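Please treat every number below as a calculation from the coordinates, not as lab data. Please read these numbers as outputs of a predicted model, since none were measured by experiment. Using ideal geometry, Cβ is built from the backbone for each residue, glycine included, and neighbour counts are taken over all protein chains shown.
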Amino acid sequence: MEQIKAAIRTIPDFPTPGIQFKDITPLLADGKLFGQTIEAFKERHTGKGIDVVVGIEARGFIFASALAYALGVGTCLVRKPGKLPHTVHRQTYELEYGTDAVEIHADAFRPGQKILVLDDVLATGGTVAATVALIQNHFEVEIAEIDFLMELTFLNGRNKLPNLPIHALIQY
């Protein structure tokens, strides 16, 4: 994991002063390290009966799609409002200054499926908590685990996801 962590660069003051943005583009540009990242997730979930990997907009799509392919299962996209073309379910959530929402296709899952939610970063936990609520409120599925490439532990995002297994490959 140290090589993967070393490939993620920190951009100070982006997008606003005081933020230390974790830029994953160098990791994605290195085919070997990106492959190792997907393999680490694959090893964790092979044989666990995962049916669908859910990716959260936008960088979660990258990891969820690659992992779903590696596992030989389907993938599902959770998007910001107005981006999905079919009938959707919506979940709103609170931001520091206002609200936002996530949407999922109403036919995304079949009852009883085992779901893995995967995103690039766990920060404050708002978007992933809304995604979990969206899935739990509208579908009869099991969320097996919520995984992240990285977790910013000082933001305490796990606190918004009680009683669910959470795994991050890298922690800051």
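Values computed for the structure shown
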| read-out | value |
| --- | --- |
| Footprinting exposure proxy for E43, E151 (fewest neighbouring C-beta atoms within 10 Å first) | E43, E151 |
| Violating pairs (Cα-Cα greater than 30 angstrom) within the set K32/K83; K5/K83; K83/K160 | K32/K83; K5/K83 |
| Chymotrypsin sites (Phe, Trp or Tyr not before Pro) lying in DSSP loop within the stretch 5-104, provided at most 11 other Cβ fall within 10 Å | Y97 |
| √(5λ) per eigenvalue of the Cα gyration tensor, the chain, largest first, Å | 24, 21, 14 |
| Counted charge near V117, where neighbours are those whose Cβ lies closer than 11 Å (Asp, Glu -1; Lys, Arg +1) | -3 |
| Of L33, L122, L67, the one that fluctuates the most in a GNM where the chain has Cα springs shorter than 10 Å | L33 |
| Cut-off under 5 Å, modelled amide H: who pairs with I170 long-range | M150, E151 |
| For V52, residues with placed amide H under 5 Å, excluding near neighbours | K114, L116 |
| Cβ-based exposure ranking for R44, R79, in which fewest neighbours within 10 Å come first | R44, R79 |
| Under-5 Å amide H pairs with V88, H placed in peptide plane, nonlocal only | A106 |
